[in-house]
Amino acid sequence: MPDSQPQPHSSGSSGSSGSSGDDADASALLLCGARLTDGRTVDVRLGSGRIEAVGTAGSLTSHATRVDLGGYLLLPAAAEPHAHSDTALSADAEGPASYELADVQRRTTEAALLQLGHGATALRSHVRIGDVPGLTPMEAVLQARRSLRGLVDLAAVAVPRLLTGVAGADGLAMLRDAVKMGASVVGGCPDLDPDPTGYVEAVLEVAAEHGCPVDLHTDGSDPARLGRLAAMAGGLRPGVTIGPCGGLGRLPSDVAARTAEQLAAAGVTVVCLPQGGCGSVERRGAVAPVRLLRAAGVRVAAGSGAMRDVSNPVGRGDPLEAAYLLASRCGLRPGEAYGAVSSAARAAMGLRQVRVEAGFPAELLAVRGDHLAGALSLAYSRIVVHRGRVVARTSAVREYCDSAAAVALDLPRQGRSTGNGPGRAKGAEPS
């Protein structure tokens with residue numbers, strides 16, 4: 001079996017840390033030989049959903065189940081702060097996406113599991129309500145959330161179409177109903193309302209009533225509108241997030257910088273989408289000015305956005321791809337890029353911070369590789385830990401045919417095959 005797919009095995013012969021086997025936590029894990037981004041190789045003991053201890057390789061003994069992470073880089077798990085699970089995986093459908101409850105629930109569940117396999121143990125999904133579908137998409141996403149409990153945490157953002165004027169009265173009532181149903185975030189698209197400022201005021205009012213965070217979908221191309229939003233949002237707890245703000249990158253740099261300073265002063269978080277927006281095709285390639293926002297003190301997180309729907313038929317929903325694009329397109333260092341899809345994304349979602357240190361939540365991602373830059377480039381094999389247990393594994397094996405070049409170059413391997421059975425060439429390499 002390729003060593004890129006670590007298998008848990010009994011640790012009965014590995015000794016004890018002072019407790020008998022009968023007293024050991026049956027859910028405890030000992031992650032062995034993992035590499036950290038600072039270059040250390042460590043063992044990490046998990047129990048009761050948190051990291052209990054981190055020590056040099058071989059220093060921790062326990063009756064916990066052992067997982068060999070030799071050859072893997074261990075990171076805080078990623079999070080997805082801007083998903084659209086109600087429309088995910090609908091690009092190939094004939095005609096408009098179905099909003100039947102069973103169809104939305106199936107798409108939401110499948111998309112969440114795909115994103116979990118990529119390493120996102122928490123998701124925030126923007127869910128359309130109102131118009132023809134009514135509250136059915138929200139009901140379906142909430143049902144999917146219940147069925148996924150223990151595998152991945154899923155939060156729903158209620159996204160009404162209109163909130164102002166006579167036409168917006170139904171949307172406002174539906175927004176309040178969605179929160180009562182279980183939507184944990186209020187949001188929407190103020191750019192689509194005839195009165196964007198009034199729309200934001202309505203959302204903030206509902207959020208204040210229910211103590212909910214706010215997450216608004218905006219292109220960010222109107223600096224005056226963003227300034228008003230910042231003025232209204234300042235001091236609101238538990239916080240305001242906006243995104244993807246691709247239009248902010250099309251503004252003159254001095255105007256964008258002043259707007260960024262206003263957002264920073266108000267404590268507004270920006271979630272950018274490095275793969276492109278999730279609206280019209282014309283604006284898909286625009287990305288928020290990440291470095292400018294960070295320089296102004298804005299917390300910038302990154303998400304994946306559309307996942308194989310009409311907005312982006314090839315979206316992957318992969319946080320490591322988002323981090324890769326931040327590094328390759330936006331000039332962030334690998335650590336900064338990964339932080340945008342992990343620590344900053346979790347902070348934007350109101351989740352506890354994760355570090356590979358004792359006392360922090362056991363939300364972890366192991367990727368095959370020695371260094372973060374390499375992991376962002378070729379992160380095929382992954383092991384995902386949620387609430388202290390392994391919930392997903394992905395293993396990839398690269399193979400080359402027999403050739404003198406493969407032998408002469410002696411390329412670095414992550415592992416070598418032990419034999420050449422049918423269909424397996426020499427030089428097989430788990431990735």
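Here are the numbers for this structure:
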| item | result |
| --- | --- |
| Residue match in segment 130-145 (condition: modelled with pLDDT under 95 and open to solvent by 30 Å² or more (accessible area, probe 1.4 Å)) | yes |
| Count - residues of segment 317-346 that are open to solvent by less than 40 Å² (accessible area, probe 1.4 Å) and touching a residue at least 40 places away in the same chain (Cβ under 8 Å) | 18 |
| Flag if residue 55 is out of contact with any helix residue (DSSP H, G or I) (no Cβ under 9 Å at 6 or more places or on another chain), without any contact (Cβ under 8 Å) to a residue 40 or more places away in the chain, over 19 Å from residue 182 (Cα atoms) and not hydrophobic (A, V, I, L, M, F, W, C) | yes |
| Residue match in segment 303-314 (condition: assigned to a loop (DSSP other than H, G, I, E, B), over 20 Å from residue 263 (Cβ atoms) and either of a type in the set (Lys, Arg) or at pLDDT 95 or above (or both)) | yes |
| Positions within segment 71-113 being closer than 30 Å to residue 37 by Cα, in a loop (DSSP other than H, G, I, E, B) and of a type in the set (A, V, I, L, M), in sequence order | 77 |
| Search result, residues across segment 203-222 that are more than 17 Å from residue 129 (Cβ to Cβ) and in contact with a Leu (Cβ under 6 Å, 6 or more places away or on another chain) | 220 |
| Number of positions in segment 146-164 that are in contact with an Asp or Glu (Cβ under 8 Å, 6 or more places away or on another chain) and without any contact (Cβ under 8 Å) to a residue 40 or more places away in the chain | 3 |
| Number of positions in segment 116-173 that are under 27 Å from the mean Cα position of the chain (by Cα) and assigned to a loop (DSSP other than H, G, I, E, B) | 9 |
| From 263, 204, 226, 236, residue being in contact with a helix residue (DSSP H, G or I) (Cβ under 7 Å, 6 or more places away or on another chain), at negative phi, outside any helix (DSSP H, G or I) and open to solvent by less than 50 Å² (accessible area, probe 1.4 Å) | 236 |
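The values are calculated or read from the model by the stated rules, or taken from the named source; none is laboratory data. It should be emphasised that the depicted structure is a prediction, and the values quoted were computed from it without experimental measurement. For neighbour counting, all protein chains shown are included, and Cβ atoms are generated from backbone atoms with ideal geometry for every residue, glycine included. SASA here: full protein model, heavy atoms, side chains in, ligands and nucleic acids out. Shrake-Rupley method; radii C 1.70, N 1.55, O 1.52, S 1.80 Å.
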